[in-house]
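Engineer: Mind looking over this structure? Questions follow.
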Amino acid sequence: MRRIVSALFLVIIVLVGLPLITLAQGKDSAPSAGVVPPLTVEINGLKVNAPAEMDVAEGQVMVPLRWAAEQLGASSIEWDSETRTVTIRTGQDFYNLEKLNSYVRSLQDSSNEQNDQLWPLPARVRNLPLSHAVPNLEQVLELDKYRGHSKQSTLPHDPIYIRIISEDSSYEHGSFVYSAENRQNHYYLPMDWLEYLFHASADYNEVANVLSIQPPDVNQVKSQIAWAENALVPVSAEEALKLWGRGLQTRIGALQYAALSPQLRQKADNSYNVRQTYWVTGFSSPWAGPITITSQDKVSATRIEYTISFPEITSAAPNTTATEKLVIEKIPYESGEGWFITQILQASGYGIIGADIDANMSKELEHVKNNFYETISYDPGQDLLSFTIPQTIPSGYKFYLHISGRMFMGDNTNGMSFHAFDKESQDFTWKKGRTYTYSLPSATLDECIIDFGLIDCNNQEFLTTVQISAYGNKTLSLCAKVF
């Protein structure tokens, strides 16, 4: 009996003491060693209410896409279950954010400075200390456990496709996300996608268990762009030419833009490279090789006409040669003056803009592009790619089409590239009006790339690129030589 009373007395002490223990561990006290505090989310330095299901995977906070998009200003988020596509509309300033990113890449990337084949930057702008719209860190968009993604039944989920579109629909980007996790009908993504999609920095403090999200400061971005463009004003015709040439070689649109007159910049602002491809120009193959000035005609003290040429380099010789003819003039700029490209008489197709073509021909080119794009189809159920060559090609042009991509091998962590219809591509022997098919196993397909368009008698190219996934989605992707 005595033991029972003692036990009851001890229980009473413990129960009575619990509130005191709880009160003693108030929110201002430090957590005990080994105890992880609850995840806290801050946006612009202020704590916000976040979904309780957020957790950490491989050092990244898994963030619900809809919630994050709304927090970062998205006006609408729509889900298409049939195509597994999320469409996000947002008022973010794509134009200036992506332009600054392009300038940062062009002025701070010194990895190729030892390559004597590249035309050099002016010494005064090398490593210009620009702040970056997105932290200059390597983004990890896919978790290790989902690498080697293909349509394998062993994967616990399927990828989703994200379209992010500006309010006026002038900008649109698309990305496949293989690390998206469906949690009670809400998709969660690694936090680095916030940087990639919304240009918002995302930093995770593991010790404090705090996720800090910082949207970009658009006013600061615009200020940095103005600083860069003023620093880059060419002081000679040759400097303007070399800015343009280096931009062609490095595929950086901002460098080419800096060499253009204000009138040509307006044309570039509406180009596909600016609105769809993050200011990236050119192809990964072929690419612009060493540039040679083949002629230089000094028309006046303030006007010089240049002809330049360069090899279009691929992994296999021989290489064809591209030619451009440019007019560079000394003109007023801001409160001073500078040398800028005022006309492009002949374009190679590698630049941010091409030579002027009349309105009627532009409509014909657009018609060919749209019609061919509509015929492209990939059926993952039948593992079959199909497309139809246009029946009518404008006079003086030939139809170009190149098909390539990447297939996974073995355990799906490695892959190999593939090319289809090489002979037709090289010899321009496509049959007008004919439908072609090609077998592509969806179980091992990573992506298929179709470059297509028209080439005129001067070898000026008007090309665009389509990316096709293993799930049959197709989208206009990074392209170099555009309509």
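The values are calculated or read from the model by the stated rules, or taken from the named source; none is laboratory data. Please read all numbers here as calculations on a predicted model, not as lab measurements. Because the Cβ atoms are built from the backbone with ideal geometry, glycine has one as well, and the counts that use them run over all protein chains shown.
Engineer: Confirm whether Pro234 is farther than 29 Å from Ala316 by Cα and part of a loop (DSSP other than H, G, I, E, B).
Structural biologist: Considered against the rule, which asks whether it is farther than 29 Å from Ala316 by Cα and part of a loop (DSSP other than H, G, I, E, B), Pro234 comes out as yes.
Engineer: Can you tell me which residue among Gly433, Gly351, Gly381 is modelled with pLDDT of 90 or more, surrounded by 18 or more Cβ atoms within 10 Å (Cβ to Cβ) and not in a strand (DSSP E or B)?
Structural biologist: Gly351
Engineer: Same structure again: Quick one: how many residues across region 49-65 are out of contact with any helix residue (DSSP H, G or I) (no Cβ under 7 Å at 6 or more places or on another chain) and not in a loop (DSSP other than H, G, I, E, B)?
Structural biologist: Looking only at that region, the number is 6.
Engineer: Restricting attention to region 386-407, report how many residues are assigned to a strand (DSSP E or B), aliphatic (A, V, I, L, M) and more than 27 Å from the chain's Cα centre (by Cα).
Structural biologist: 0
Engineer: Which residue is surrounded by the most Cβ atoms within 10 Å (Cβ to Cβ), if the candidates are limited to region 254-264 and must be out of contact with any helix residue (DSSP H, G or I) (no Cβ under 6 Å at 6 or more places or on another chain) and part of a helix (DSSP H, G or I)?
Structural biologist: Leu264
Engineer: Checking the structure you have, find out if any residue of region 380-399 is more than 17 Å from Leu463 (Cα to Cα), assigned by TED's automatic domain parsing to the domain that holds Asp456, in contact with a Phe, Trp or Tyr (Cβ under 8 Å, 6 or more places away or on another chain) and of a type in the set (Phe, Trp, Tyr).
Structural biologist: Looking for residues that are more than 17 Å from Leu463 (Cα to Cα), assigned by TED's automatic domain parsing to the domain that holds Asp456, in contact with a Phe, Trp or Tyr (Cβ under 8 Å, 6 or more places away or on another chain) and of a type in the set (Phe, Trp, Tyr), one finds none in region 380-399, hence no.
Engineer: Report, by residue number, each residue of region 271-290 that is of a type outside the set (A, V, I, L, M) and over 17 Å from Ala347 (Cα atoms).
Structural biologist: Correct list: Arg275, Gln276, Thr277, Tyr278, Trp279, Ser284, Ser285.
Engineer: Here's another thing I want to ask about it. Would you be able to say whether some residue in region 312-326 is under 30 Å from Ser166 (Cα atoms) and assigned to a loop (DSSP other than H, G, I, E, B)?
Structural biologist: Checked region 312-326: no residue is under 30 Å from Ser166 (Cα atoms) and assigned to a loop (DSSP other than H, G, I, E, B).
Engineer: Do we find a residue being under 29 Å from Thr90 (Cα atoms), in contact (Cβ under 8 Å) with a residue 24 or more places away in the chain and outside the structural domain of Ala57 (by TED's automatic domain parsing) anywhere in region 232-243?
Structural biologist: No.
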